[in-house]
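Trainee: Have a look at this one before I ask anything.
The values are calculated or read from the model by the stated rules, or taken from the named source; none is laboratory data. The model shown is predicted, which means the values in this text are computed figures rather than measured ones. With ideal geometry, Cβ positions are generated from the backbone for all residues, glycine too; neighbour counts draw on all protein chains shown. Heads up: the accessible areas ignore ligands, DNA and RNA and are worked out on the full protein's heavy atoms, side chains in. Shrake-Rupley method; radii C 1.70, N 1.55, O 1.52, S 1.80 Å.
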Amino acid sequence: MSAGDAVGNSSGEDVGMDLDGVSNLLVLAPTMSSAARRSYYEGLLPERPSTLDVLAVEYRRSPDQWLDEWQQYVGDRPRQCTIVSTDETTRSAAAASGGPVTYGPNTAACVENPSDLTGLGITVSEYLSEHGGSNTVVTFDSLTALLQYVELQRAFRFLHVLTNRVKTAESVAHFHMDPAAHDAREVATLSSLFDAVAEFEDGEWSLRRR
């Protein structure tokens, strides 16, 4: 399943955005906009989300918050998901249990230091080695939060490796970023790493390919 083969909401409605051949997508949208979040889930996420394997890298929310949002906008949970969180509560729970935290059929891992890109990269790479393929979607939320912990050039190098790893695994990844929180240079620098950029403006998505 390539991104272009499966664009649409959970009812299969075509939203008209051609993502064929797009492995790594930069999603530019206001972080706190509920309209943008709903439109993302309905329009950019592959259809039949209950069949997906999802790796969610979360800098903003706890695993419970991620699952609640997915349930709100999608309805069905993914077939399988692993949530890698920098959330302090998740780190504490993982330390107390001595390992990943289980959420029913889902697992939450943690990165003890939000600036530990080496550890995060290893976690993502190991997941893709085991679960990568056409039904796997990686969501990274968000690059805006990541850049609060690391400098732009370090983030660029990390994302260069990560996007190549996603492509090698024949999977799809969506990287979220709030353009209002960055200057044009930061957005342009990171945009160059992705196959395409989807931007939410005036209630609609526009798509720019490299």
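Trainee: Could you tell me which chymotrypsin sites (Phe, Trp or Tyr not before Pro) in region 116-170 are loop residues by DSSP with no more than 16 other beta carbons within 10 angstrom of their beta carbon?
Mentor: Tyr149
Trainee: Name the long-range amide H neighbours of Thr139: under 5 Å, sequence gap of 5 or more, or other chain; modelled H, no Pro or chain starts.
Mentor: When sequence neighbours closer than 5 places are left aside, the close amide H contacts are Leu55, Ala56, Val57, His174.
Trainee: Another question, then. Provide the solvent-accessible area of His160, counting protein heavy atoms only and rolling a 1.4 Å probe, rounded to the nearest 10 Å².
Mentor: 90
Trainee: For region 198-207, take each phi angle, set θ = phi - 60°, evaluate the Karplus expression 6.51 cos²θ - 1.76 cosθ + 1.60, and give the result in whole Hz per residue in order, putting x for glycine and proline.
Mentor: Values per residue, Gly and Pro as x: 9, 10, 9, 9, 6, x, 9, 9, 10, 10 Hz.
Trainee: Provide the per-residue ³J(HN,Hα) series for region 20-36, in order, calculated from phi with Karplus coefficients 6.51, -1.76, 1.60 and θ = phi - 60°, each as a whole number of Hz, with x at glycine and proline positions.
Mentor: 4, x, 8, 8, 10, 10, 8, 9, 9, 6, x, 4, 9, 7, 5, 5, 5
Trainee: Suppose the chain between Ala181 and Arg157 were pulled fully straight at 0.36 nm per residue; how much longer would it get relative to their current alpha carbon spacing?
Mentor: Contour length minus Cα-Cα distance gives 6.6 nm.
Trainee: For Glu130 and Arg48 in the same chain, what is the full-extension length gain: residue separation times 0.36 nm, less their Cα-Cα distance, in nm?
Mentor: Residue separation times 0.36 nm, minus the Cα-Cα distance, leaves 27.4 nm.
Trainee: Given H placed 1.01 Å from N in the peptide plane, which residues other than close sequence neighbours of Ser85 have an amide H under 5 Å from its amide H?
Mentor: Glu58, Ala109, Cys110, Val111
Trainee: How many angstrom lie between the Cα centre of region 177-210 and the Cα centre of region 159-175?
Mentor: Cα centroid of region 177-210 versus Cα centroid of region 159-175: 17 Å apart.
Trainee: Which of rounded, prolate, oblate describes region 134-180, given a ≥ b ≥ c as roots of the alpha-carbon gyration tensor eigenvalues and a/c under 1.5 marking rounded, otherwise prolate only if a/b is larger than b/c?
Mentor: oblate
Trainee: Antiparallel as a % of all DSSP beta bridges within region 138-209, to the nearest 5?
Mentor: Here the antiparallel bridges make up roughly 65 percent for region 138-209.
Trainee: Next question. I need to check one value: relative contact order of region 122-175, counting alpha carbon pairs closer than 8 Å and at least 6 residues apart, in percent.
Mentor: 60 percent.
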